[in-house]
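Since the structure comes first, as structure tokens, the remarks are kept for the end.
The values are calculated or read from the model by the stated rules, or taken from the named source; none is laboratory data. Small disclaimer: the values here were computed from a predicted structure and weren't measured. Positions of Cβ are generated from backbone atoms using ideal geometry, with glycine treated the same way; all protein chains shown enter the neighbour counts. SASA here: full protein model, heavy atoms, side chains in, ligands and nucleic acids out. Shrake-Rupley method; radii C 1.70, N 1.55, O 1.52, S 1.80 Å.
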Amino acid sequence: MTLNAKAAVVTGSTSGIGLAYARALAAAGADVMINGFGELAQIERERAGIEREFSVRCLYSPADMTRPDEIAAMIDGAAAAFGSVDILINNAGVQFVAPIEDFPVEKWDQIVAINLSAAFHAMRAAIPHMKAKGWGRIVSTASAHSLVASPFKAAYVAAKHGLLGLTKTAALELATAGVTVNCISPGYVWTPLVENQIPDTMKARGLTREAVIADVLLAAQPTKQFVQPSEVAAMAVFLCSDAAKQITGANISMDGGWTAA
Ligand code: NAD
């Protein structure tokens, strides 16, 4: 599988699933623009590491996914530097948990902006580059919450359902342009964010580490195993391949059977 001479932009790729996408696309030969927040020295280590390890170009954009102007500038910057934007991975996402009547309005606005509207703004800027080449791949990280709800996650669930609707619409608009548009919907993915919740939950509930994982974190995930970031990234690389050119408008569940129930 080679993505040599392809250029990718991955939003929210300074950690977790996004970083796994960036590394997997680079391993397949693509130049990559990474994006997201974090400690600049650490981001620079990741960026330089990707260039060294995979012999591709890797650039960093600090664009804030709540800012349409910065999103457009990020895509234009990647196109100017790499010569095109062939692959767009919409991955940046945040979460906040509260009942609707107590949900802070600014948290609603922030989650909808980052988890949904940013994908629209990035697509809007990237699609002309893809159409011009007659080839493109757009992959968004949705979630099991694009298909089912959980209480207290109103903004996240609404945004992820919306991201699926945006994906289907874009797939139809681009069906004859050589551009596929899909989303991947993971269940619980093993990231530092998840791992860090374990000690506190063990203490709060008086449970062993194994019980916290199986009965609390993975209560809804029938395999009782986490999805790995590398598995989500491998699916994205496959969706970028020629073998996947008839997959468009799809929502690929990787949730250990969660949404089969
Ligand atoms: P993470 O917190 O490790 O990564 C989120 C990334 O988004 C980081 O790089 C962060 O800097 C970036 N980001 C946040 N706000 C931003 C902003 N305003 N502008 C630019 N970048 C910003 O989380 P993750 O678990 O890797 O999540 C990545 C995606 O996967 C999200 O869309 C999330 O909803 C989705 N997802 C995660 C899980 C899971 O269990 N971890 C499950 C399903 C879906």
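A few points about this structure:
- Max mean-square fluctuation residue, GNM over the chain, Cα-Cα springs under 10 Å, options Leu88, Leu218, Leu164: Leu218
- C-alpha long axis of helix 229-239 to longest principal axis of the chain, angle in °: 40 degrees
- The phi torsions of the range 189-200, fed into the Karplus equation with coefficients 6.51, -1.76 and 1.60 and a -60° offset, translate into couplings of 10, 6, 10, x, 4, 6, 4, 5, 7, 5, x, 5 Hz, rounded to whole numbers, with Gly and Pro shown as x.
- Charge dipole of the chain (Cα centre as origin; +1 on each Lys and Arg Cβ, -1 on each Asp and Glu Cβ, all else neutral): 500 debye, rounded to the nearest 20.
- Helix 68-82 and the longest principal axis of the Cα set of the chain meet at an angle near 50°.
- Only protein atoms count toward the accessible area here, which uses a 1.4 Å probe; on the chain, the carbon and sulfur part of that area reaches 57 percent.
- Restricting the range 1-82 to GluC sites (Glu not before Pro) in coil, as DSSP defines it, with at most 10 other Cβ within 10 Å: Glu39
- Sequence-separation-based contact order of the range 168-261, relative, with Cα cut under 8 Å and 6+ spacing, percent: 46 percent
- Å² per residue, accessible surface of the range 1-149 at 1.4 Å: 43 Å²
- Using the Cβ-Cβ distance between Ala177 and Ala80 with R0 = 30 Å, the FRET efficiency computed as 1/(1 + (r/R0)^6) comes to roughly 0.85.
- Crossing angle, helix 16-27 versus the chain [Cα axis fit, 0-90 degrees, rounded to tens]: 30 degrees
- For the pair the range 222-261 and the range 185-200, the centres of their Cα atoms are 18 angstrom apart.
- Heavy-atom accessible surface of the range 169-249, averaged per residue, reaches 53 Å², computed with a 1.4 Å probe.
- Solvent-accessible area of Asp242, all protein chains in place: 100 Å² (probe radius 1.4 Å, heavy atoms, ligands and nucleic acids excluded).
- The phi torsions of the range 140-153, fed into the Karplus equation with coefficients 6.51, -1.76 and 1.60 and a -60° offset, translate into couplings of 10, 7, 8, 4, 3, 6, 7, 10, 10, 9, 10, x, 6, 10 Hz, rounded to whole numbers, with Gly and Pro shown as x.
- Taking all protein chains together and a 1.4 Å probe, the residues Arg205, Arg23, Arg52, Arg57 rank Arg52, Arg205, Arg57, Arg23 from largest to smallest accessible area.
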